[in-house]
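Asks: One structure coming up, written as structure tokens, with questions to follow.
The values are calculated or read from the model by the stated rules, or taken from the named source; none is laboratory data. Keep in mind the model is a prediction, meaning the values are calculated, not measured. So basically every Cβ, Gly included, is an ideal-geometry build from the backbone, and we count neighbours across all protein chains shown. Keep in mind that these areas ignore ligands, DNA and RNA; they rest on the heavy atoms of the full protein, side chains included. Shrake-Rupley method; radii C 1.70, N 1.55, O 1.52, S 1.80 Å.
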Amino acid sequence: MAPRVPSLVSGVNVYALPLSTKEGFVLSRVDGSASVEDISIMVGVKQDELLAILERLAELGAVKLSWSTVQRSVAGSGNAARPPVTPAKPKPAAVPEPPVRYDPRELDEVAAISLEVKKRILGAYYSLEGKDYYQLLGVARDVDKKAIRSAYFELSRFFHPDSQFGKELGSFKPKMESVFKRLTEAYDALGRAPRRKEYDDYLAATERTSVLQQTLDQVQHDTEMLRHSQAPAAAASVQSEPPAGPEPRRAVMPPPLAETTPVQISMRPPPSAEERKAYARDRLRRQLGGDSKPASWPPTAEQRPVSSFPVSNESSKDRRDSAIKGLRQSLRASGHATGGSDRLLAHLKQAKDAESAGDLLGAAGALQSALALEPERKEIQEQYERVSKAVTRSLADNYEKQARYEEKMGKWAAAALSWERVAEGRPEDEYAAHSAAEALLKAGGDLHKAQRYAQRAADLQPSRVTNVVLLARVYLAAGLRLNARRELEKAVKLDPHDEMISNLLHEAR
Amino acid sequence: METVIGIDLGTTNSCVGVVEGGQPVVIANRGGYKTTPSMVAITEAGKRLVGHIAKRQAVTNAEHTVFAAKRLIGRKWDSQQVQNAASNCPYSIVKGPHNDVRIQLRGKMYSVPEVSAMILQEMKMIAEDYLGHAVEKAVVTVPAYFNDGQRQATKDAGRIAGLDVIRIINEPTAAALAYGFGKQIDKTVAVYDLGGGTFDISILEISGTGVFKVVSTAGDTFLGGEDFDLRIIQWLVDSFKDEHGIDLREDRMALQRLKDASEKAKCELSSVEQTEVNLPFIISNARNEALHLQRVLGRPQLEELTRDLVERTIQTCEQTLEEAGLDKDEIEDVILVGGMTRMPLVQHAVESFFEREPNKGVHPDEVVALGAAIQGMALTQEASEMILLDVTPHTLGIMVVGGYFEELIPLNTTVPTSRSKVFTTVRENQTAVKILVMQGESHRADENELLGEFILTGLRRAPAGQVEVEVTFEINADGIVSVHAKDLETGQQQSITVTATSGLTVDEIQNMVTEAKDFAVARRVSDEVEGATQEAEKLIAQIEQLFPDVEQVVAGSDFGRDAIEKARGVVAKARALIKAGKIDELSEQIDALARTQRMFKGVVGKVS
Ligand SMILES: Nc1ncnc2c1ncn2[C@@H]1O[C@H](COP(=O)(O)OP(=O)(O)OP(=O)(O)O)[C@@H](O)[C@H]1O
Ligand SMILES: [Mg+2]
């Protein structure tokens, strides 16, 4: 059988396509020379699934296939990593899409409202997740204030429970309330020009970071894959199962904090690490939603529906553009898995060019490819470290913007995530570390992490009393009084007159 | 279809409306007035009087006539406001069994909701007389800045009066509903409501399609016309003291006369530049000589006395605009509500603050009741397209360690809403947490209002901070607050719905409901005609009894002879009206009789 080689259709604006991360990733590997088998190795997707993705890409007019397709469902099996919303066709944002996502049996519940009303309530309720505020109100991003207001008003008129006053509504009432609350949240953010600007900036920042983050993740993932394919045994690994797409990266719970003296033994054994992890995850999810129903806030990289692309910001678009191009080239070169010093040199040159053009991601990608060829070379390793640090740093700036907005909106769990990323990108930034710890504390998040960041802030600026107090508060929250006391005593020395410190100290004793 | 009436239960005046054939109308009482004084009295004979008739006899029966009960409703006995009111009131305010406020009238204790219920019952009857059938449901308005306790107490009052209060809405919101009803208005408006007892400011967005969204609201539940009156009283008392060395406040009857005269002067100065306060025989001196109070009050002077009160309202306007995230120039119309907005100083202050002339199209006394009726219709009629999106006027939260207040739902949040936060234990092996549900704007818990409390028990024994409890606050569309706490480890839950905070127990309310019903029956058979006749006859008898004494005291002066001549005329006319059964005119004449009797009593009382 002739090799099946997909190729790109020229002149297509790929950024306007409603693609999932994975689909975008696949698209970036299509170059007219890589075969389905090659791409399968490169992106770590099984051939079945890959074919489905390619067919969808062909449907959207982004790629041409050199073989004829059989009719098959795009949303085939093994598709768990796909984001929840994947409309078959790009749609204007102003049209709310009503795919049935609820159990039809829910319509049978007795309530004094018509079937149509029930359907509309359930439809809205089950599609709250992953929508940004514009999508919630069903308006395009550039509409004026009046349009936002009337959209909100029209939706409220339906979803406010008073519209069905005095009727027996059963579980439809809390559902209406949930929808109404989200609509109101959206309107509160968009209804006033200054707040809307803040949200727009925030949205732009999340989109930039999510594009950058995805690309970065892909670069790293690529290298992994290439390393595998370098190993002789890996030639056969087409059949073995590569991981399906980038793993959502979860922080691993570190061992419990050590108290300087033994902790009093509790009556019941503390929950196992597994339980705690599950709980922490669950809580995080809940907090992201800020609601009884786990809804997504903010629209994060994983949850963000692809329809919110294209990214309006030119520079990030350019960056992504060149990053993908660089990757494509480097992968084309190494995809054939025949080593050679000319290729290595080409990667290194490309990295240099990219870096001097300010395209850090491109540089990182090229260096990764180089590393894949010569994993042992120290100087390449060092270069790569340097460049990828710079990438993280530039990401950190965006995350900081995000974090500040989230903080302002009181979305502490989301702010904690963003601050953590800032702190990772800027390990020497005392303020970021402090903010990360503070946000974690406020969100009721992982106290081990909070401790680490608070400690870092205190190490960076030991004379700043707020850092010391924060660390103490984290210890107090974790029930580690001795440690808290130790820190508070330091704090008292720094500022003997602060009432709050003495209050806390009192609590710690 | 069921009728829902709208009641504006005001500090000084109440008003009732209904939507008839799609049009909201205000219903006049039997005397032909569209507003009814929010006054309740118990006569010597134990008879209950409500409205105009209660107002008329206030001076002669000051100790047993309640006015401005709204200033006390839902408040704690030991609050500053109640203590202030207690010292300024001719009727006696005492402490109730739950640190609530009770009013003692003729030896019997009444809760404040019970007193308000008497007014609501009167309004209900006015509506029933007009409609010709019984009414059970009502929308009742409260100042926007009322807290949960005050709202609950108002609901209780409704229940005692035999009304199903289907919704409590805010007065400025109601005004906006009436303003925008049936019009294609698409605007952001401010409602400035300065009534007898409270001040409210609300910003609303109104769509031409019948959606009304409150954006922000603020106010002062202890700032209103009464405070303006108090300033005048203070001024009169001070100047009288300077002149005669006598403190008029010590005399209850004098105080009530001062109050009447001050309010009258204030209202007059809204249309004239200058007025005279004339209170003959107000008190007698140590030598038993009758003293008169005569003062000229000019508008500029009144403005001087009350300027700071008006300024306070403007500051609140500023604050609420800021809360709304709006600039002044984004306000497209300003609606004035409440009797006090007739005062030119108030109108000017509002106009210069908002930089636009206030709307003149609404009736400041009636618009709130109309809005309440409209909301009643909107809720109960399937075809209605109207919807009101209201906000919570105060911050809700719980008390945390150290006596601090932790916010859960901030003020001006659109309801229905809900918010959650995770809290931890503070002590080692702490197996229970107490959740104190509070409302207010202070970061110190003890400065806020306690709405309720409950305990979540059975927590795992663990070091401090390890057990986490998630607290969720919820406010539903009916404004009912419920709070639940959940142990995140075991999933165990506890919750309360904040309801019985009006200081009355369920049993007490039940008893009051029964009692009020009995009374309603009694009141219906004894007609107003009869009431007025009795009232007039009683006054005439008292006046005639006093004639000889008065003649003796004042015969020497021209002023006295004049007064006696007039008095005879008043009595003669009243007699004629009783004979002719002219109830409306008789009601007017009772005012004159009461004035005469008051004056006579003053003269004789001071001398003998
Ligand atoms: N022409 C006027 N000039 C000045 N003040 C007036 C005038 N007419 C009425 N008032 C004052 O308005 C107040 C009553 O207003 P209104 O009837 O709106 O109050 P309310 O609804 O009873 O009180 P609230 O709304 O505060 O509970 C009284 O203090 C009265 O003296
Ligand atoms: Mg009023």
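Asks: With an 8 Å cut-off on Cα pairs and a minimum separation of 6 or more residues, tell me the relative contact order of the range A:104-191 in percent.
Replies: 42 percent
Asks: Could you tell me whether the range B:192-335 comes out rounded, prolate or oblate from its Cα gyration tensor? Rule is a ≥ b ≥ c as square roots of the eigenvalues, rounded for a/c under 1.5, then prolate if a/b exceeds b/c, otherwise oblate.
Replies: It comes out prolate by the Cα gyration axes.
Asks: Could I ask something else about it? Can you give me the relative contact order of chain B as a percent, contacts being Cα pairs under 8 Å and 6 or more apart?
Replies: This gives 14 percent for chain B.
Asks: Same structure again: How crowded by other chains is B:415-424, given as the mean number of beta carbons from other chains within 10 Å of each beta carbon?
Replies: Average per residue, whole number: 6.
Asks: Under a 5 Å amide H to amide H cut-off, with H placed in plane at 1.01 Å, what residues pair with B:N170 once short-range neighbours are removed?
Replies: When sequence neighbours closer than 5 places are left aside, the close amide H contacts are B:V142.
Asks: Starting from the eigenvalues of the Cα gyration tensor, five times each then square-rooted, give me the equivalent ellipsoid semi-axes of the range A:365-509, largest first, whole Å.
Replies: After scaling each eigenvalue by five and taking roots: 36, 17, 12 Å.
Asks: Filter the cross-link list A:K118/A:K411; B:K538/B:K579; B:K34/B:K579; A:K131/B:K421 down to pairs whose alpha-carbon distance in this structure exceeds 21 Å.
Replies: Those over the limit are A:K118/A:K411; B:K34/B:K579; A:K131/B:K421.
Asks: Moving on to the next point. When a/c is below 1.5 the answer is rounded, else prolate if a/b is larger than b/c, else oblate, so apply that to the range B:174-245 with a ≥ b ≥ c taken from the square roots of the Cα gyration tensor eigenvalues.
Replies: Taking the square roots of the gyration eigenvalues as a ≥ b ≥ c, the range B:174-245 is prolate.
Asks: Turning to a different aspect of this structure: Other chains' Cβ within 10 Å of B:454-460 residues: what's the mean?
Replies: For this peptide, the per-residue mean of nearby foreign Cβ atoms is 1.
Asks: Next question. Below 23 Å, Cα to Cα, which lysines can B:K183 reach? Residues fewer than 8 away in the same chain don't count.
Replies: Partners within reach: A:K145, A:K146, B:K213, B:K360.
Asks: Need one word for the range B:339-394: rounded, prolate or oblate. Basis is the Cα gyration tensor (sqrt eigenvalues a ≥ b ≥ c); a/c below 1.5 gives rounded, then a/b vs b/c decides.
Replies: Judged from the Cα gyration tensor, the range B:339-394 comes out prolate (a/c at least 1.5, a/b above b/c).
Asks: Sorted by mean Cβ packing within 10 Å, highest first, what order do the peptides B:99-107, B:135-143, A:156-164, B:428-436 take?
Replies: B:135-143, A:156-164, B:99-107, B:428-436
Asks: Modelling each spin label as a point 7 Å along the Cα-to-Cβ direction, I'd like the B:Q234/B:A28 distance in nm, to one decimal.
Replies: It works out to 3.9 nm between the two label points.
Asks: Also: Please give me, ordered by residue number, the GluC sites (Glu not before Pro) of the range B:221-287 that lie in loop per DSSP and have at most 16 other Cβ atoms within 10 Å.
Replies: When the GluC sites (Glu not before Pro) of the range B:221-287 are filtered for loop state and at most 16 Cβ neighbours within 10 Å, B:E273 remain.
Asks: Considering only protein heavy atoms and a 1.4 Å probe, what is the carbon-and-sulfur percentage of the accessible area of chain B?
Replies: 47 percent
Asks: With a 1.4 Å probe on protein heavy atoms only, tell me which residues of the range A:141-172 lose at least 50 Å² of accessible surface in the complex relative to the chain by itself.
Replies: Those are A:R149, A:F153, A:R157, A:H160, A:D162, A:F165, which lose 50 Å² or more relative to the chain on its own.
Asks: Hey, can you grab everything whose amide H is under 5 Å from the amide H of B:V215? Only 5+ residues off in sequence or another chain; H modelled, so Pro and N-termini drop out.
Replies: Counting only residues 5 or more places away or on other chains, the set is B:I203, B:L204, B:E205.
Asks: Another question, if that's okay. Among B:H443, B:V483, B:C267, which residue has its Cα furthest toward the positive end of the charge dipole of chain B, with +1 on Lys/Arg Cβ and -1 on Asp/Glu Cβ?
Replies: B:C267
Asks: By the scheme Lys and Arg +1, Asp and Glu -1, what is the net charge of all other residues having a beta-carbon under 11 Å from that of B:A62?
Replies: Here the charged neighbours net out to +1.
Asks: Quick check for me: using +1 on Lys/Arg Cβ and -1 on Asp/Glu Cβ, what's the dipole size of the range A:104-191 about its Cα centre, in debye to the nearest 20?
Replies: Here the range A:104-191 has a charge dipole of around 120 debye.
Asks: Next question, about the same structure. Charges on Cβ only, +1 for Lys and Arg, -1 for Asp and Glu, centred on the Cα centroid of chain B; of B:L236, B:G10, B:Q256, which one is farthest towards the dipole's positive end?
Replies: Highest projection toward the positive end goes to B:Q256.
Asks: Something else: Nothing charged except the Cβ atoms of Lys and Arg (+1) and of Asp and Glu (-1): what's the magnitude of the dipole of the range B:205-341 about its Cα centre? Round to the nearest 20 debye.
Replies: I would put it at about 760 debye.
Asks: Can you give the Kirkwood hydrodynamic radius of the range A:104-191 from its Cα pairs, in Å with one decimal?
Replies: 13.5 Å
Asks: The range B:361-469: which chymotrypsin sites (Phe, Trp or Tyr not before Pro) are DSSP loop and have at most 16 other beta-carbon atoms within 10 angstrom?
Replies: Passing both the DSSP loop test and the Cβ count: no residue.
Asks: To the nearest 100 Å², how much accessible surface do chains B and A hide from each other in total, with a 1.4 Å probe?
Replies: Its buried surface, counting both partners, is about 3800 Å².
Asks: Also, quick follow-up: Whose amide H sits under 5 Å from the amide H of B:G465, counting only residues 5 or more places off or on another chain, with H placed in the peptide plane?
Replies: B:T425, B:V426, B:R427
Asks: While we're on this one: Kindly write out, for the range B:149-165 in residue order, the coupling ³J(HN,Hα) from the Karplus curve 6.51 cos²θ - 1.76 cosθ + 1.60 (θ = phi - 60°), rounded to whole Hz, with x marking Gly and Pro.
Replies: With the stated coefficients, the range B:149-165 comes to x, 5, 5, 4, 5, 5, 4, 4, 4, x, 4, 4, 7, x, 10, 8, 7 Hz.
Asks: Using θ = phi - 60° and the Karplus curve 6.51 cos²θ - 1.76 cosθ + 1.60, what whole-Hz ³J(HN,Hα) does each residue of the range B:405-410 get, with Gly and Pro shown as x?
Replies: 9, 10, 6, 10, 10, x
Asks: Across every pair of different alpha-carbon atoms, what Kirkwood hydrodynamic radius in Å does the range B:225-307 reach?
Replies: Roughly 12.9 Å, rounded to one decimal.
Asks: Starting at the first residue of the range A:101-117, write each ³J(HN,Hα) from the Karplus equation 6.51 cos²θ - 1.76 cosθ + 1.60 with θ = phi - 60°, in whole Hz, x for Gly and Pro.
Replies: 10, 10, 6, x, 5, 5, 5, 7, 4, 6, 7, 7, 9, 6, 4, 4, 5
Asks: Further question on the same structure: Run the helix sum for chain B: -39,500 (n - 2.57) per DSSP H stretch of 4+ residues, divided by residue count, reported at 222 nm to the nearest 500 deg cm²/dmol.
Replies: -13500 deg cm²/dmol
Asks: Counting alpha carbon pairs within less than 8 Å and at least 6 residues apart, what relative contact order, in whole percent, applies to the range B:232-329?
Replies: Relative contact order, the range B:232-329: 19 percent.
Asks: Taking the solvent-accessible surface of protein heavy atoms with a 1.4 Å probe, what is the per residue accessible area of the range B:225-307 in Å²?
Replies: Per-residue value: 47 Å².
Asks: Also, I was wondering about something else. Cα extents of the range B:394-498 along the three principal axes, largest first, in whole Å?
Replies: 38, 26, 17
Asks: Let me know the volume per residue of the alpha-carbon convex hull for chain B, in Å³.
Replies: Hull volume over Cα atoms, normalised by residue count, gives 168 Å³.
Asks: Any residues in the range B:377-397 that have 30 Å² or more less accessible area with all protein chains than in their chain alone, probe 1.4 Å, and which are they?
Replies: The answer is B:L379, B:E382, B:E385, B:I387, B:L389 - residues whose exposure falls by at least 30 Å² when every protein chain is included.
Asks: I'd like to know which of A:G444, A:L494, A:S418 lies farthest towards the positive end of the charge dipole of the range A:410-508, counting +1 on Cβ of Lys and Arg and -1 on Cβ of Asp and Glu.
Replies: Ranked along the dipole, the leading option is A:G444.
Asks: Please sort by residue number the trypsin sites (Lys or Arg not before Pro) in the range B:151-221 whose DSSP state is loop and whose Cβ has at most 16 other Cβ atoms within 10 Å.
Replies: B:K183
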